[in-house]
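The values are calculated or read from the model by the stated rules, or taken from the named source; none is laboratory data. All of these numbers come straight from a predicted model, not from anything done at the bench. Cβ placement follows ideal geometry from the backbone for every residue including glycine, while neighbour counts extend to all protein chains displayed.
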Amino acid sequence: MTIFTIPGLILWLFIIPFCIGLIPMPWIPEKNRNVGVTVTAGYLIMLPLCWLVTVPCILLVEYDSFLVMVRWFTVLLAAGAAAGIGICIWAARKGKRVLRLQPPDIMEMTWGERLGWLVFLGLVAWQLYKAFTLTSFDGDDAEYVAQSLVTVQSNTMYRILPYTGGTTSLDIRHSLAVLPIWIAYIGRMTGLHTTILAHSVLPFVWIPLTYMVFYEIGKHLFRRKTEKVQGGLSLFMVFIALFQMFGNVSIYTNETFFLTRTWQGKAVAASFVIPVTIWLMLWIFDGEEEKKRRRKKEPVAAIWVLLVLTNMTAGVCTSMVVFLNVVLIGAAAFWLMIAEKKFSILIKAGCVCIPNGIYMLLYLFLHA
C-alpha cells in the first residue's frame with residue numbers, strides 16, 4: 001500500500017463511476033438527477049462493461065488473459081468517463097441541468113424527521129465501522145477472494161484452482177460471474193491487495209450504494225407528503241437499517257450476506273441488484289401514473305435502458321439472479337400492464353430481458 005492507493009481507490013470506485021453515470025442523466029426526469037442516482041447508474045454501466053470485456057478474454061485468450069482484459073477495460077472506462085463529461089458539457093451549453101444539486105432543507109423538517117435521519121445515519125456509520133474493524137470468516141472466500149488474488153498474481157482468469165493453486169481447464173461454472181475479476185482489476189489499478197480490498201474497502205462502496213437505492217425506493221413510496229406520512233421516509237430508512245442489522249437469523253438471509261459477505265457476488269445481487277430492479281419498476285410505474293394524471297410525458301427511455309443494464313449486472317454477480325430477475329420483471333410488468341391497460345409495457349419488459357436469455361444460452365452452451 002502506497003500514498004497513491006487511497007487517491008486511486010477514490011478515482012476508480014467513486015470518480016470514474018460518477019463520470020460514467022452522467023451519460024444517461026439528460027434522458028431521465030430532472031427531479032431524479034441527483035448524485036446517488038448518478039453513481040448508481042455509473043456502476044450499472046461499469047459492471048456490464050466489465051462483463052463484455054472479461055468473458056471474451058476468458059474464452060478466447062489462454063495466456064495473460066487478465067492483462068488483455070485490463071488494457072481493454074481501462075480504455076472503455078476512460079471512454080465512458082470522457083463521454084459522461086462531454087455530455088455534461090453539451091447539456092450545460094444547451095442550458096439543461098444534468099445534475100440537480102439540491103440539499104435537503106433541514107429547516108422545513110419536523111424534529112421527528114431530523115431525529116429519524118440522525119438515527120439512520122448513526123446506524124449506517126455503525127455498520128460501516130463494524131464492517132471495517134471486524135472480520136467475518138466465510139468458506140466461500142476460498143473461492144471468491146482467492147480467485148481475485150490468483151488472477152492478479154498469475155495474469156490468467158479461471159485457469160488456476162483457487163483451492164490448491166494447481167492449473168486446470170477453464171472453470172465454466174464461475175467464468176460468467178466475473179465480479180471477482182472486477183475486484184482483481186481494482187486491486188491491480190490501485191496496488192491494493194485484493195483481500196484487503198474485498199474485506200475492508202468494498203463495504204464502503206456497496207453498503208452506502210445499497211442504502212442510496214433504498215432511499216430512492218422510499219421516495220417513490222412516500223412521494224405524496226401528507227400529515228399521515230410526514231417523516232415516513234426517514235422512518236422507512238431507519239427500519240431498513242435495523243432489519244439489516246438484526247436479520248442474521250440464518251447464514252442464508254440477505255441481511256447476513258449484506259453485512260458479513262458484502263464483497264461476494266451473491267451478496268451484491270441480493271442487496272443491490274434486486275432492490276435496483278424494484279426501484280426501476282416503481283420509477284416506471286410512477287412515470288406512467290404521472291403521464292396519465294398530468295398528461296405530461298416524462299423521459300423514461302433511459303429507465304428501461306438502466307433496467308437492461310441491471311439485468312447484465314445480475315450476470316456479473318451470479319447466474320442465479322439472472323433467472324430470478326426475469327421472474328421479478330415479468331411479474332411487475334404483468335400487473336403494470338393490467339393497471340395501465342397497455343400491452344406495450346409487457347413487450348418492453350420482454351425486450352429488457354433479452355440479455356438474460358443470451359446469458360442463459362451461453363451458460364448452457366459452455367456446459368454442453
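Listing for the model above:
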| read-out | value |
| --- | --- |
| In the range 146-176, residue farthest from the chain's Cα centre (by Cα) [restricted to those that are of a type outside the set (A, V, I, L, M) and under 23 Å from PHE323 (Cβ atoms)] | ASP171 |
| Residue match in the range 170-187 (condition: free of Cβ contacts under 8 Å to residues at least 40 places away in the same chain, in a helix (DSSP H, G or I), crowded, with 20+ Cβ neighbours inside 10 Å and aliphatic (A, V, I, L, M)) | no |
| Criterion: surrounded by fewer than 17 Cβ atoms within 10 Å (Cβ to Cβ) and either under 18 Å from the mean Cα position of the chain (by Cα) or part of a helix (DSSP H, G or I) (or both) - qualifying residue of PHE258, PHE214, PHE272, PHE243 | PHE243 |
| Pick from the range 110-155, criterion assigned to a loop (DSSP other than H, G, I, E, B) and touching a residue at least 24 places away in the same chain (Cβ under 8 Å), ranking: farthest from ILE207 (Cα to Cα) | ASN155 |
| Condition check for VAL68: farther than 23 Å from TYR211 by Cβ and modelled with pLDDT of 95 or more | yes |
| Complete set of residues in the range 14-27 that are more than 13 Å from GLY80 (Cβ to Cβ) and either more than 18 Å from the chain's Cα centre (by Cα) or surrounded by fewer than 22 Cβ atoms within 10 Å (Cβ to Cβ) (or both) | PHE14, PRO26, TRP27 |
| Subset of the range 319-349 [within 21 Å of LEU176 (Cα to Cα), modelled with pLDDT under 90 and crowded, with 17+ Cβ neighbours inside 10 Å] | SER319 |
| Qualifying residue in the range 81-95 (condition: surrounded by 20 or more Cβ atoms within 10 Å (Cβ to Cβ) and among the aromatic types (Phe, Trp, Tyr)) | no |
